[in-house]
Amino acid sequence: MFEISPTEWTAILLSLRVAVVATLVATPLGIGLAWLLARHDFWGKSLVDALVHLPLVLPPVVTGYLLLLTLGRRGLVGSWLADHLGIVFAFRWTGAAVACGIMSFPLLVRPIRLSIEAIDRKLEQAAETLGAPPWQVFLTVTLPLALPGVLAGMVLGFAKAIGEFGATITFVSNIPGETQTISSAIYALIQTPDGDAAAGRLVIISIAIALGALVAAEWFARRATARVHGN
Amino acid sequence: MLRVDIVKQLGEFTLQAAFTSEGRVTGLFGASGAGKTSLINIIAGLLRPDGGIVEIDGETVDDTARGIHVPAWRRRIGYVFQDARLFPHLSVTQNLDYGRRMNRLPDDRAQRERVIELLDIGSLLDRRPGKLSGGERQRVALGRALLAKPRLLLLDEPLGGLDEGRKLEILPYLVRLRDEANVPMVYVSHDAAELRQLATQIVMLREGRVTSFGGVKVLSPTGR
């Protein structure tokens, strides 16, 4: 029963690739934004905060449609990118990564922000008196101490990215081998008369990936926390 | 030399202090709430004065009239806080090395060994701050500040968080530091006995103002 077909493999590998790329690209941005929101007051901060959380409350299909309007071939940004840099997101796996990155962004940013807010600013001051310029304070004190939060954010973001469906299928459709992730493959399979077995296999695999991610997150978080608390 | 002439409004509280000290150890003495920590934070550059001048070793690090404010990280000061503030994610060795790395100073093994020996922290080097006692933490914090090769060492009640026994454990190290390390210090305390042992000059603060300035004799009731 558990013979994974080449099409299913393709969807599994594509899902992993999309989620990994989305998480890796979103993480530095998420860290920067979390730091900005945690440590600075600036004009329009609540607006930025709201924008970050928007994908969490908008229907995914709306986010996908907005992406199609902006980053699509005829979109404002999309046409410029295609004409000037030759970058196309629409109906490509990279577009799926963009959609997944945006959808998972709120989940990625939140734990990082919380862990930065929990860091005693007195430690950052101590670093400053020892001659560390602001960027070094960030790299040598803030970031290492926020590491458990960063890892938690990455795992949550990855889990969300690998399961993303609505925005992805709206923005890049459901093309086997290019944009068909596990979720969209399952969706296609349960609409075909004899697709139940294949859908079942993919369901089991997504459960396994999700569990694996959670276990890994727990392990990383425990190690990082022990490290941060000086034990 | 340290020259301070500043004004700082902190809510309802006005800190207005002026003194010039050539002493090896300048003691800032006063009850809690007298403005000692705010004053030392201004010297450190962690707090910006509303008006006035701060000069360390001939360099103007604050001059509001000329718009000068050198940030803390460029002041080449060492700061020992009451709560040690060791970096919990770094080992004792890495903590000690932090200031040298940040200031891009060359590795000075001889000085490192001297400081480690002076503070008797050689057996702690591989440990994490979480595994140290309060007194050990404070000694490591002293070493960390010293190894950044500061031109002025600021100590904000470094014995404040310790019980009597621990205080007596650290005090001799501070005396050795004063006599051997050759770095001028500003020492904040509300404990006259501590300052009598350590300070060479006293700045007495009350409610944000300097009420007296002079040798340690200003600490004795008859000297008032």
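The values are calculated or read from the model by the stated rules, or taken from the named source; none is laboratory data. All of these numbers come straight from a predicted model, not from anything done at the bench. Because the Cβ atoms are built from the backbone with ideal geometry, glycine has one as well, and the counts that use them run over all protein chains shown. With ligands, DNA and RNA removed, areas are computed over all heavy atoms of the protein, side chains included. Shrake-Rupley method; radii C 1.70, N 1.55, O 1.52, S 1.80 Å.
Here are A:L14, A:L29: which of them is open to solvent by 30 Å² or more (accessible area, probe 1.4 Å) and part of a helix (DSSP H, G or I)?
On the way: A:L14 fails: open to solvent by 30 Å² or more (accessible area, probe 1.4 Å).
Residue meeting the stated conditions: A:L29.
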Q: Could you check B:Y187 against (1) part of a helix (DSSP H, G or I); (2) more than 14 Å from chain A (Cβ to nearest Cβ); (3) surrounded by 19 or more Cβ atoms within 10 Å (Cβ to Cβ); (4) in contact (Cβ under 8 Å) with a residue 40 or more places away in the chain and say which number it fails?
A: (1)
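In this structure, is B:V92 out of contact with any Gly (no Cβ under 9 Å at 6 or more places or on another chain), more than 9 Å from chain A (Cβ to nearest Cβ), open to solvent by less than 20 Å² (accessible area, probe 1.4 Å) and within 26 Å of A:V228 (Cβ to Cβ)?
Details: out of contact with any Gly (no Cβ under 9 Å at 6 or more places or on another chain): no; more than 9 Å from chain A (Cβ to nearest Cβ): yes; open to solvent by less than 20 Å² (accessible area, probe 1.4 Å): yes; within 26 Å of A:V228 (Cβ to Cβ): yes.
So B:V92 fails the test.
Restricted to region A:190-205, and to residues that are open to solvent by less than 40 Å² (accessible area, probe 1.4 Å) and part of a helix (DSSP H, G or I), which residue is farthest from A:I119 (Cα to Cα)?
As a first pass, look at region A:190-205 and keep what is open to solvent by less than 40 Å² (accessible area, probe 1.4 Å): A:195, A:198-202, A:205.
Adding the requirement that they be part of a helix (DSSP H, G or I) leaves A:198-202, A:205.
Numbers: A:A198: 47, A:A199: 45, A:G200: 45, A:R201: 44, A:L202: 41, A:I205: 38 Å.
Once the filter is applied, the top-ranked residue is A:A198.
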Q. Does A:E164 meet the test of being of a type in the set (D, E, K, R), touching a Cys at 6+ places or on another chain (Cβ under 9 Å) and surrounded by 24 or more Cβ atoms within 10 Å (Cβ to Cβ)?
A. yes
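Yes/no matrix, rows are residues, columns are (1) farther than 30 Å from B:R101 by Cα; (2) assigned to a helix (DSSP H, G or I); (3) open to solvent by 60 Å² or more (accessible area, probe 1.4 Å):
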position: B:D5; (1), (2), (3): yes, no, yes
position: B:Q16; (1), (2), (3): yes, no, yes
position: B:G23; (1), (2), (3): no, no, no
position: B:I42; (1), (2), (3): no, yes, no
position: B:P49; (1), (2), (3): no, no, no
position: B:E55; (1), (2), (3): no, no, no
position: B:V61; (1), (2), (3): no, no, no
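In region A:54-71, what count of residues is obtained for those that are surrounded by 18 or more Cβ atoms within 10 Å (Cβ to Cβ), closer than 17 Å to A:K160 by Cβ and of a type in the set (A, V, I, L, M)? Before the answer, list the steps.
Just the residues of region A:54-71 that are surrounded by 18 or more Cβ atoms within 10 Å (Cβ to Cβ), to begin with: A:55, A:60, A:63-64, A:66-68, A:71.
Imposing the further condition that a residue be closer than 17 Å to A:K160 by Cβ reduces the set to A:55, A:60, A:63-64, A:67.
Okay, now just the ones that are also of a type in the set (A, V, I, L, M), so A:67.
Residues that pass the stated criteria total 1.
Collect the residues in region A:126-137 that are part of a helix (DSSP H, G or I) and buried (at least 20 other Cβ atoms within 10 Å of the Cβ), keeping them in residue-number order.
Let us first name the residues in region A:126-137 that are part of a helix (DSSP H, G or I), namely A:126-129, A:134-137.
A:A126, A:A127, A:E128, A:T129, A:V137, listed by residue number.
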Q: Assess whether A:I102 counts as being open to solvent by 30 Å² or more (accessible area, probe 1.4 Å), touching a Pro at 6+ places or on another chain (Cβ under 6 Å) and either free of Cβ contacts under 8 Å to residues at least 60 places away in the same chain or under 14 Å from A:L33 (Cα atoms) (or both).
A: yes
Q) Any idea which of (1) under 26 Å from A:P55 (Cβ atoms); (2) open to solvent by 40 Å² or more (accessible area, probe 1.4 Å); (3) in a helix (DSSP H, G or I) is the one A:E178 doesn't satisfy? A) (3)
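Are any of the residues in region A:72-88 surrounded by 20 or more Cβ atoms within 10 Å (Cβ to Cβ) and either under 18 Å from the mean Cα position of the chain (by Cα) or at pLDDT 90 or above (or both)?
Residues of region A:72-88 surrounded by 20 or more Cβ atoms within 10 Å (Cβ to Cβ): A:72, A:78.
With either under 18 Å from the mean Cα position of the chain (by Cα) or at pLDDT 90 or above (or both) added as a condition, the list becomes none.
No, region A:72-88 contains no residue that is surrounded by 20 or more Cβ atoms within 10 Å (Cβ to Cβ) and either under 18 Å from the mean Cα position of the chain (by Cα) or at pLDDT 90 or above (or both).
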Q: Scan region B:94-111 and report the pairs whose first residue is touching a residue at least 40 places away in the same chain (Cβ under 8 Å) and whose second residue is assigned to a helix (DSSP H, G or I) and of a type in the set (S, T, Y), with Cβ atoms within less than 8 Å and a gap of 6+ or a chain change.
A: B:Y98/A:T140; B:M102/A:T140
Q | Lone unmet requirement of (1) in a helix (DSSP H, G or I); (2) closer than 26 Å to B:A72 by Cα for B:P172 | A | (2)
